[in-house]
Amino acid sequence: MTARPHRFLPILLAAAALAACTSGPADEAGAPPDPGRAPSGGVAQVCGKLPPGPAAAPAGAVTVDPAVAGDLAAKTRANGPGTTFWLAPGTHGLGDDRFDQVQPKAGNVYVGAPGAVLDGRKINQYAFSGSAADVKIQYLTVRGFQAPRDEGVVNHDSAPGWIIEHNTVQDNEGAGLMAGARQQVRGNCLRHNGQYGINAYEGKNGITGLVVEGNEITGNNTGDWEKKVEGCGCTGGVKFWSVDGADVRGNWVHANRGVGLWADTNNNDFLIEGNVVEGNDSTGIMYETSYNAVIRGNTLRRNNGVDGKTYIDRGDSFPVAAIYISESGGEPRVKARTDKVEIAGNVLENNWNGITLWENSDRFCNSPANTSSGACTRLVPDHETCAKPAIASGALFDDCRWKTQRVEIHHNRFVLDPAVAGCENTCARMAVLANFGTYPDWSPYQGEVVQHAITFAQGNRWHDNTYVGPWNFVAFEPSRNLSIGEWQGGPYHQDAGSAYSRQGGG
């Protein structure tokens, strides 16, 4: 679709307003974002500022007494579906067995009074579990639960239709929340959990219709799982797996150990809009082996500083970036609200690099190099069909590979002051690249096949952006560094209509 600048004027105005609010004493000094500091821009601080729950039991509600051990679970068992439970002020417990938990019935509502806390006491693994649909949880603090790795505390079994709003879910192991189909996560404080704030994973059918809106997601992955399990890809603020249709809007995602927002493996139809993503150790927004997304009107600041420096310190020139698109792109054959990955109207300020489009030539269905073990693309249901000789030509040659294609990057503002970001030119890069294919020996993607495709043949395009600072560009492979003139000229022809000012990065 041809870009029409006026179509994005509201986004640009919002982005400009966000950028105007980003400076301040801490910013000017180059200090990292303060986890307790309110965000600038259009999102609200949530942690410590949640609205209180009702001071008295709502009409018809069952009162839960914190002085009675296990009262919440017992009264849930004793009452029918659709019951509302009011947790009185105080600290509520679930019993002394690690598997003591609340198993709601369909349509149950759990409402916390001011000061109501559900505490796992580092004994219980799960707070709310089971398969009941359409459960609502509001105004509670949920803390001290010990979910194992890759599991979660609230909605442990990823039941559908849950509404989780105005809660504080903190200081738990595993994920604070799991997600199910049609789940709404609104206005929560999700902080200091051992692995994730939210783990959006449901292993049987995947997740559809997920909403994550207006939350503060901070300080998660306290367990530093990437160091415990090297290359696990299992950490950060939010991780999405095989989600088909998600709106991620107006969240403040900051100071997480790892990626801020990470969609990994066959996600589709995402709208990531109006978020402030800052001070995360790794990439701010990562879209990996997935399809069809709109990423617009977000502010990203000082992301990827820890990982970026780690790469440089070990002599690795790969351009890890604030927005990282890895083996992901637009695919018209996969139904969604868009048929591309569109990155528009965002402000990226003093991150470690800007946007990287990457495709691993050795990562495809049925390749031993595929880190999404056993998974295949949405276009090929059976990964074992991606084998020689069929994969070498025809439909399987195209469809066995997750492609970084049809990515359009436009009307964004990229600002980089090396003194603030704490780097030299190593953190001022845009990139579109792949590795030289070598593995396995039967791969049809060996050599420069994918490098050529991602750079010249898959419809990846930058245009009408604004650059402030010493930006440079990488194309085809990691060592091919380009000036703005080389990037805009042949054979790359990128960033038509863009403005570039080397000075004034602060």
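What the Cβ-Cβ distance of Ser501 and Asn481 gives, at R0 = 22 Å and to the nearest 0.05, is a FRET efficiency of 0.65. Each Cα pair under 8 Å and six or more residues apart adds its separation to the average, and for the stretch 62-177 the resulting relative contact order is 21 percent. Using R0 = 22 Å, the C-beta based FRET efficiency linking Asp247 and Asn205 works out to 0.70.
Hey, any idea what Rg/Rh is for the chain, computing Rh the Kirkwood way over Cα pairs? With Rg and the Kirkwood Rh in hand, the quotient comes to 1.00.
Put simply, the amide H of Leu118, placed in the peptide plane, has neighbours under 5 Å in His92, Thr141, Val142, Arg143, leaving out anything fewer than 5 places away on its chain.
Altogether, the Stokes-Einstein calculation at 20 °C and 1.002 mPa s, with the Kirkwood radius of the stretch 57-171 over Cα pairs as Rh, returns a diffusion coefficient of 157 µm²/s. Here's how it looks for Tyr110: its modeled amide H is under 5 Å from those of Phe85, Lys136, Ile137, Gln138, which are all 5 or more places away or on a different chain.
Two-decimal Rg/Rh of the stretch 215-277 from alpha-carbon positions, Kirkwood Rh? Value, to two decimals: 0.99.
Report relative contact order for the chain in percent, whole number only (criteria: Cα-Cα under 8 Å, sequence separation at least 6).
9 percent
Inter-label distance, Lys228 to Ala457: 4.4 nm, where each label sits 7 Å from its Cα along the C-beta direction.
Treating each Cα of the stretch 374-506 as an identical point scatterer and summing with the Debye formula, the log10 of I(q)/I(0) at q = 0.12, 0.18 Å⁻¹ comes to -0.59, -0.98. In this simple spin-label model, placing a label point 7 Å from the Cα along the Cα-to-Cβ direction at both Lys388 and Arg314 gives a separation of 3.1 nm. Considering only alpha-carbon pairs that sit under 8 angstrom and 6 or more positions apart, the relative contact order computed for the stretch 41-115 is 36 percent. Spin-label model, Glu448/Ala74: points 7 Å from Cα along the beta carbon direction are separated by 7.5 nm. Whole angstrom only: what separates the Cα centroid of the stretch 331-349 from the Cα centroid of the stretch 172-219? That distance is 22 Å. Note that the stretch 123-130 has calculated 3J(HN,Hα) couplings of 10, 6, 7, 10, 8, 10, 9, x Hz, one per residue in order, obtained from phi through the Karplus relation 6.51 cos²θ - 1.76 cosθ + 1.60 (θ = phi - 60°); glycine and proline are x.
Charge dipole of the stretch 116-238 (Cα centre as origin; +1 on each Lys and Arg Cβ, -1 on each Asp and Glu Cβ, all else neutral): 140 debye, rounded to the nearest 20. This model, with +1 at the C-beta of Lys and Arg and -1 at the C-beta of Asp and Glu, gives the stretch 213-334 a dipole about its Cα centre of some 260 debye. Values of log10 I(q)/I(0) for the stretch 273-346 across q = 0.11, 0.15 Å⁻¹ run -0.32, -0.57, by the Debye formula with one identical scatterer at each alpha carbon and no solvent. For the chain, the longest principal axis of the Cα atoms and the long axis of helix 9-20 meet at an angle of about 80 degrees. Both the radius of gyration and Dmax for the stretch 120-216 are 11.7, 33 Å, in that order, over alpha-carbon atoms.
Residues in the stretch 311-323 carry Karplus couplings, in order, of 4, 5, 4, 9, x, 9, 8, 4, x, 4, 9, 5, 10 Hz; the curve used is 6.51 cos²θ - 1.76 cosθ + 1.60 with θ = phi - 60°, and Gly or Pro positions show x. The phi torsions of the stretch 182-192, fed into the Karplus equation with coefficients 6.51, -1.76 and 1.60 and a -60° offset, translate into couplings of 6, 6, 10, 10, 10, x, 9, 9, 10, 9, 6 Hz, rounded to whole numbers, with Gly and Pro shown as x. Given axes a ≥ b ≥ c from the Cα gyration tensor, I'd like to know whether the stretch 257-385 is rounded (a/c under 1.5), prolate (a/b larger than b/c) or oblate. Since a/c reaches 1.5 but b/c is at least a/b, the shape of the stretch 257-385 is classed as oblate. The lysine pair tally for the stretch 37-161, using Cα distances under 22 Å and a gap of 8 or more places or different chains, is 4.
Compute, for the chain, the length of the dipole vector about the Cα centre, with Cβ point charges of +1 (Lys, Arg) and -1 (Asp, Glu) only. Units Debye, rounded to 20. Around 800 debye, computed over the chain.
Order 344-357, 469-482, 72-85, 324-337 from most to least packed using the mean count of other Cβ atoms within 10 Å.
The densest-packed peptide leads the list: 344-357, 324-337, 469-482, 72-85.
Within a straight-line Cα-Cα reach of under 18 Å, Lys204 can be paired with the following lysines, leaving aside sequence neighbours fewer than 8 residues apart in one chain: Lys239. Per the Debye formula on identical point scatterers at the alpha carbon atoms of the stretch 302-459, with no solvent, log10 I(q)/I(0) at q = 0.14 Å⁻¹ is -0.77.
Within the stretch 345-384, the ratio Rg/Rh, alpha carbon atoms throughout and Rh by Kirkwood, equals 1.21. Subtracting the Cα-Cα distance of Lys105 and Lys335 from their residue separation scaled by 0.36 nm leaves 79.4 nm.
Read the figures in this text as sums done on the coordinates, not as results from a lab. All figures in this text were calculated on a predicted structure; none of them were measured in a lab. Please note: Cβ atoms are built from the backbone with ideal geometry, for glycine as well, and neighbour counts cover all protein chains shown.
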